[in-house]
Amino acid sequence: MKMQRKNVALAIAIAAAVASPSAFATNGILQAGNGMVAHGMGGAGLANAGEASAGMDNPALINDTGTAVNVAWSYFSPLREADLSALVGGPFVVTSDAREYAIPQVAFTVKGNDLISWGMQAYALGGMNTDYPFPGAGSVSSLGVGGAQTVNLQGLIVAPQISFAFTKNISVGVSALIAKETLRTRNLFGTGDVGTGEDQETGFGLKLGANWKLLDGVALAAVYQPKMSFGEMDFFKNFLGGFGFSGDAQLTLPDQFGIGGKFAAGKNMDILLDVLYYKWSGVDVFEFFGWDDQWVYKVGAEFRPGDAWALRVGYNYGKSPIQGGNKAVNGMMDAAFANYVFPAISEQHVTLGVGYKLAKNTTVNGYFLYSPEKTVESQAAPGNPAGVKVSMSQSAFGIGLNVGF
């Protein structure tokens with residue numbers, strides 16, 4: 001067991017050093033959930049210790065995951081389209097060339113004794129990415145949007161964590177969040193070299209969680225994650241300063257809290273429900289771009305037709321934090337226009353999942369996610385006309401292996 005733990009710790013260290021999870025924006029810049037089990041149920045999992053990576057969403061759950069290792073990988077494909085016809089005075093629709101991303105996750109947990117469990121998780125910070133191949137000449141260029149425009153925000157969180165069991169039914173946990181993020185832009189908003197740059201910053205934070213098995217077949221959970229602390233993106237702050245930005249240029253995760261429940265519907269079925277709140281307006285950069293705070297609702301079910309199989313289904317809804325009519329850039333732009341290069345506008349997500357037990361302590365889990373097209377449209381503002389439209393649809397699938405010891 002000692003050698004196994006050393007090998008797992010080494011695997012986490014390697015993952016943290018070399019993994020570069022790309023953008024996975026479904027609820028704002030955040031994923032629908034973490035782990036293959038939760039993803040199969042719309043991201044719901046605050047009260048479900050279905051695999052070692054459950055600790056990504058709620059550190060209290062590692063008290064119930066035992067000593068285990070989880071390795072997973074997701075493929076994410078968003079389709080983004082900007083209709084700037086109203087801006088250029090004629091038909092002009094451009095589609096982002098950035099469409100395929102690979103997103104790894106790694107976790108291990110250790111059951112120290114009946115009171116204490118510990119572990120480590122490595123997963124995507126979240127992010128945004130577009131690559132619009134705008135033409136470099138003609139009427140579009142004369143309006144200041146000519147030439148390809150690229151934005152890429154991505155990052156990784158490594159989270160050592162510990163969980164304490166007060167009783168066999170009540171546990172609490174805490175994760176220390178250590179993050180690294182990178183922002184790259186090219187010709188942002190058609191500003192050429194001024195809008196081209198790259199920066200990396202390190203961030204720190206905490207996630208607190210609790211899990212309470214209230215009755216046989218009923219569990220309740222709660223999590224709270226204060227806004228993470230990152231260094232400012234200096235080149236991005238200087239760029240935004242040209243538009244009147246005077247705030248803190250941290251591209252960080254906001255204050256967030258959530259509650260969840262797990263309810264048995266007979267011996268072979270569980271129903272899960274999570275409700276989360278993301279305070280985007282508490283991050284100066286998002287507030288500058290007109291983002292609303294966001295409530296996210298996740299519901300899922302798992303049906304076990306036999307000892308080996310688990311079938312899952314889920315739904316995730318969060319009203320887009322970017323809405324036409326929201327004021328952005330000190331009132332100079334409409335939010336739907338100001339965010340065309342990072343359109344985090346998805347609202348509905350439908351998921352399917354499956355699990356198969358290969359051996360007593362070894363399970364493979366997978367999921368598929370689809371988010372239908374969502375469009376936001378700008379209203380008239382001093383810096384943009386009415387009728388600029390931004391659209392996005394998404395699909396994703398993933399597979400992971402959970403091994404217990």
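The values are calculated or read from the model by the stated rules, or taken from the named source; none is laboratory data. Owing to the predicted nature of the structure, the values given are computational and were not obtained by experimental measurement. Counting neighbours? That spans all protein chains shown, and the Cβs are built from the backbone with ideal geometry, glycine included.
Yes or no: the range 217-224 includes at least one residue that is closer than 24 Å to residue 339 by Cβ and at pLDDT 95 or above. If you could, list the steps in order and put the result at the bottom.
At the first step, the residues of the range 217-224 found to be closer than 24 Å to residue 339 by Cβ are none.
No, the range 217-224 has no match at all.
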Quick check on residue 25: is it within 30 Å of residue 322 (Cα to Cα), touching a Gly at 6+ places or on another chain (Cβ under 9 Å) and modelled with pLDDT under 95?
yes
Say we look at the range 257-275 and pick out the residues that are without any contact (Cβ under 8 Å) to a residue 60 or more places away in the chain and under 24 Å from the mean Cα position of the chain (by Cα); which of these is farthest from residue 200 (Cα to Cα)?
271
Set 40, 45, 33: member being modelled with pLDDT of 95 or more, of a type outside the set (D, E, K, R) and within 17 Å of residue 207 (Cα to Cα):
45
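Go through the residues of the range 108-115 one by one and say whether even a single one is in contact (Cβ under 8 Å) with a residue 24 or more places away in the chain, touching a Gly at 6+ places or on another chain (Cβ under 9 Å) and of a type in the set (Lys, Arg). Let's see the steps before the verdict.
The first filter runs over the range 108-115 and keeps only residues in contact (Cβ under 8 Å) with a residue 24 or more places away in the chain, leaving 108-111, 114-115.
Retained after the next criterion (residues that are touching a Gly at 6+ places or on another chain (Cβ under 9 Å)): 108-111.
Among the residues that remain, those that are also of a type in the set (Lys, Arg) are: 111.
Looking for residues that are in contact (Cβ under 8 Å) with a residue 24 or more places away in the chain, touching a Gly at 6+ places or on another chain (Cβ under 9 Å) and of a type in the set (Lys, Arg), one finds at least one in the range 108-115, hence yes.
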Within the range 24-73, can you find the residues that are surrounded by 24 or more Cβ atoms within 10 Å (Cβ to Cβ) and of a type in the set (Phe, Trp, Tyr)?
24
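Does residue 371 fit the bill of being in contact with a His (Cβ under 9 Å, 6 or more places away or on another chain), in a strand (DSSP E or B), polar (S, T, N, Q) and modelled with pLDDT of 95 or more? Write out each step before concluding.
Values: in contact with a His (Cβ under 9 Å, 6 or more places away or on another chain): yes; in a strand (DSSP E or B): yes; polar (S, T, N, Q): yes; modelled with pLDDT of 95 or more: yes.
Answer is yes for this residue.
Please work out if residue 241 is within 30 Å of residue 397 (Cβ to Cβ) and of a type in the set (Gly, Ala, Ser). So that I can check it myself, show each step before the final result.
Details: within 30 Å of residue 397 (Cβ to Cβ): no; of a type in the set (Gly, Ala, Ser): yes.
So residue 241 fails the test.
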Within the range 382-405, the residues that are out of contact with any helix residue (DSSP H, G or I) (no Cβ under 7 Å at 6 or more places or on another chain), over 15 Å from residue 34 (Cα atoms) and surrounded by fewer than 23 Cβ atoms within 10 Å (Cβ to Cβ) are 382, 383, 389, 391, 393, 394, 395, 403, 404
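Hey, any hits in the range 282-300 for a residue that's basic (Lys, Arg), over 24 Å from residue 158 (Cβ atoms), surrounded by 17 or more Cβ atoms within 10 Å (Cβ to Cβ) and more than 22 Å from the chain's Cα centre (by Cα)?
Scanning the range 282-300, I find no residue that is basic (Lys, Arg), over 24 Å from residue 158 (Cβ atoms), surrounded by 17 or more Cβ atoms within 10 Å (Cβ to Cβ) and more than 22 Å from the chain's Cα centre (by Cα), so the answer is no.
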Say whether the condition of being in contact with a Leu (Cβ under 8 Å, 6 or more places away or on another chain), part of a strand (DSSP E or B) and among the hydroxyl-bearing types (Ser, Thr, Tyr) is met by at least one residue in the range 219-233.
yes
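Taking residue 196 as the residue in question, decide whether it is surrounded by fewer than 17 Cβ atoms within 10 Å (Cβ to Cβ), of a type outside the set (Phe, Trp, Tyr) and at pLDDT 95 or above. I'd like the intermediate steps shown before the answer.
Numbers: surrounded by fewer than 17 Cβ atoms within 10 Å (Cβ to Cβ): yes; of a type outside the set (Phe, Trp, Tyr): yes; at pLDDT 95 or above: no.
Judged against the criteria, residue 196 is not a match.
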Residue 173 - would you say it is under 22 Å from residue 56 (Cβ atoms), within 18 Å of the chain's Cα centre (by Cα) and at pLDDT 95 or above?
no
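Just a yes or no: is a residue in the range 84-93 of a type in the set (Val, Ile, Thr), in contact with an Asp or Glu (Cβ under 8 Å, 6 or more places away or on another chain) and in contact (Cβ under 8 Å) with a residue 12 or more places away in the chain?
So in the range 84-93, the residues of a type in the set (Val, Ile, Thr) come out as 88, 93.
Those still in the list that are in contact with an Asp or Glu (Cβ under 8 Å, 6 or more places away or on another chain) too: 93.
Cutting the leftovers down to in contact (Cβ under 8 Å) with a residue 12 or more places away in the chain gives us 93.
Yes - at least one qualifying residue is present in the range 84-93.
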Tell me, which residue of the range 203-220 that is crowded, with 19+ Cβ neighbours inside 10 Å, of a type outside the set (S, T, N, Q) and closer than 15 Å to residue 45 by Cβ is farthest from the chain's Cα centre (by Cα)?
219
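Between 119, 89, which is closer than 30 Å to residue 67 by Cα and not hydroxyl-bearing (Ser, Thr, Tyr)? Break it down stepwise before answering.
Working: 89 fails: closer than 30 Å to residue 67 by Cα.
The unique qualifying residue is 119.
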